[in-house]
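Below: one structure, written as structure tokens.
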Amino acid sequence: MALHFVKLGGGILLATLLIVASASDPSPLQDFCVADPTSPVVVNGLACKDPNLVRASDFFFSGLHLRANTTNSFGAGATPVTAAQIPALNTLGISMGRVDFAPQGLSPPHIHPRATEILIVLDGRIEAGFITSNPENRLVTKVLEKGDVFVFPEGLIHFQRNIGNGNAVAVAYFSNQNIGGIIFVANDVFGSNPAIPADVLAKAFQVDQNIISKIASKF
Ligand code: MN
């Protein structure tokens with residue numbers, strides 16, 4: 001997006017806005033663009049703070065040594081470290097997070113629409129998998145041990161689950177500074193607000209509407 005000023009007769013300045021579509025996030029055009037969450041300017045991402053006001057704390061996060069809460073219906077929890085936690089990640093196209101799994105814990109099938117994910121298992125035994133797009137819909141899975149690394153390509157549905165006896169922990173890195181837009185397949189489809197009409201889901205899933213209602217009640 002670029003703002004152009006055109007000088008007209010009589011000294012009138014005409015501002016024109018050019019919006020350029022981009023296939024991926026634009027690369028930063030300065031050393032950094034530390035997010036200013038208080039800015040009223042709306043851009044693709046967050047507006048930049050005055051560089052003179054930037055501090056080391058804008059580049060810093062503490063707490064990834066702590067386990068996330070896994071006492072939920074999935075037995076898994078994540079500690080994201082994105083532009084929301086480190087303002088300096090804004091525009092840099094990278095972020096990370098810690099994922100904790102209780103025994104049998106599951107990170108349910110989900111999508112990161114704008115990020116490839118690369119995961120390293122720090123402890124435990126995790127089964128990871130993703131599904132390729134139509135028409136193959138091939139499930140690609142691998143059992144990961146401590147120190148193993150697995151990649152989930154951008155935009156594909158994927159999951160991880162703890163198949164070991166104890167807790168498991170992994171660290172994920174993402175090729176985007178903002179993975180806030182996680183799409184959890186089951187939650188988004190069955191738990192939208194307002195709900196997708198049950199007959200739409202019944203037809204999509206090729207089941208009766210009462211089965212859709214039963215699943216939707218869980219979300
Ligand atoms: Mn993921």
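The values are calculated or read from the model by the stated rules, or taken from the named source; none is laboratory data. Keep in mind it's a predicted model, so treat the numbers as computed, not measured. All Cβ positions, even for glycine, are placed from backbone atoms using ideal geometry, and neighbour counts span all protein chains on display. Only protein heavy atoms, including side chains, enter the accessible area calculation; ligands, DNA and RNA are left aside. Shrake-Rupley method; radii C 1.70, N 1.55, O 1.52, S 1.80 Å.
When ligands, DNA and RNA are left out and all protein chains stay put, how many square angstrom of accessible area per residue does the chain have with a 1.4 Å probe?
I get 62 Å² per residue for this part.
Using a 1.4 Å probe on the protein heavy atoms, what percent of the accessible area of the chain belongs to carbon and sulfur?
Carbon and sulfur together cover 60 percent of it.
Taking H placed 1.01 Å from N in the peptide plane, check which residues at least 5 places from ILE163 or on another chain put their amide H under 5 Å from its amide H.
Answer set, sorted by chain and number: ARG125, ILE126, GLU127.
May I ask for the percentage of alpha-carbon pairs in segment 144-219 that lie more than 20 Å from each other?
Distances greater than 20 Å cover 53 percent of the Cα pairs.
What residues qualify as long-range amide H neighbours of LEU122, i.e. H under 5 Å apart, gap of 5 or more or another chain, H built at 1.01 Å from N?
GLY147, VAL169, ALA170, VAL171
What does the convex hull of the Cα atoms of the chain come to per residue, in Å³, rounded to a whole number?
So the per-residue hull volume is 191 Å³.
At q = 0.12, 0.14, 0.15, 0.28 Å⁻¹, what log₁₀ I(q)/I(0) does segment 57-126 have when each alpha carbon counts as one equal point scatterer in the Debye sum?
-0.37, -0.50, -0.57, -1.35
Share of Cα-Cα pairs in segment 51-181 beyond 18 Å, in percent?
Distances greater than 18 Å cover 55 percent of the Cα pairs.
Given Cβ point charges of +1 (Lys, Arg) and -1 (Asp, Glu) and nothing else, what value in debye, to the nearest 20, does the dipole of segment 73-183 about its Cα centre take?
Around 60 debye, computed over segment 73-183.
Once amide H atoms are built 1.01 Å from N in the peptide plane, which residues 5 or more positions from GLU117, or in another chain, come under 5 Å H to H?
PHE152, GLU154
Spelling out what I want: for every residue of segment 50-60, take phi, set θ = phi - 60°, compute 6.51 cos²θ - 1.76 cosθ + 1.60 (Karplus), and round to whole Hz; glycine and proline get x.
Karplus-based 3J(HN,Hα) across segment 50-60 equals 4, x, 5, 9, 6, 10, 4, 5, 5, 9, 10 Hz.
Kindly write out, for segment 85-91 in residue order, the coupling ³J(HN,Hα) from the Karplus curve 6.51 cos²θ - 1.76 cosθ + 1.60 (θ = phi - 60°), rounded to whole Hz, with x marking Gly and Pro.
9, 10, x, 5, 5, 3, 6
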